[in-house]
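Inspection log for the structure reproduced underneath, given as structure tokens.
The values are calculated or read from the model by the stated rules, or taken from the named source; none is laboratory data. Predicted model only: the values in this text are computed from it and were never measured. We place every Cβ from the backbone using ideal geometry, glycine too, and count neighbours over all the protein chains shown.
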């Protein structure tokens with residue numbers, strides 16, 4: 001299928017989903033593609049390893065030289081350090 005046709009089909013499915021009157025999770029069964037995406041991205045991680053690793057990066061980024069960083073800059077440094085090592 002052409003990418004444009006797939007985009008139109010995806011847009012139509014999303015439009016129908018957002019116009020749906022029901023608000024329970026059961027309605028996801030009517031939208032199999034959205035249900036699959038929901039399960040993939042809305043599932044908690046099975047362990048705390050990733051969170052502990054992020055705290056480790058935060059500790060490395062929080063040095064005495066960097067104690068005046070804004071929250072946004074601190075977060076950027078932590079994410080950059082985490083992405084650089086993975």
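A compact table of results
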quantity: Qualifying positions in segment 71-86 - within 16 Å of residue 50 (Cα to Cα) and either touching a strand residue (DSSP E or B) at 6+ places or on another chain (Cβ under 8 Å) or surrounded by 13 or more Cβ atoms within 10 Å (Cβ to Cβ) (or both); calculated: 75, 78, 79, 81, 82
quantity: Flag for residue 16 being touching a helix residue (DSSP H, G or I) at 6+ places or on another chain (Cβ under 7 Å), surrounded by 12 or more Cβ atoms within 10 Å (Cβ to Cβ), at pLDDT 75 or above and in a helix (DSSP H, G or I); calculated: no
quantity: Filtered residue count, segment 19-57, keeping only those that are part of a helix (DSSP H, G or I) and over 30 Å from residue 78 (Cα atoms); calculated: 12
quantity: Selected residue (only one of 43, 59, 63 is at pLDDT below 80 and within 30 Å of residue 16 (Cβ to Cβ)); calculated: 43
quantity: Residue 31 being at pLDDT 85 or above and surrounded by 13 or more Cβ atoms within 10 Å (Cβ to Cβ); calculated: yes
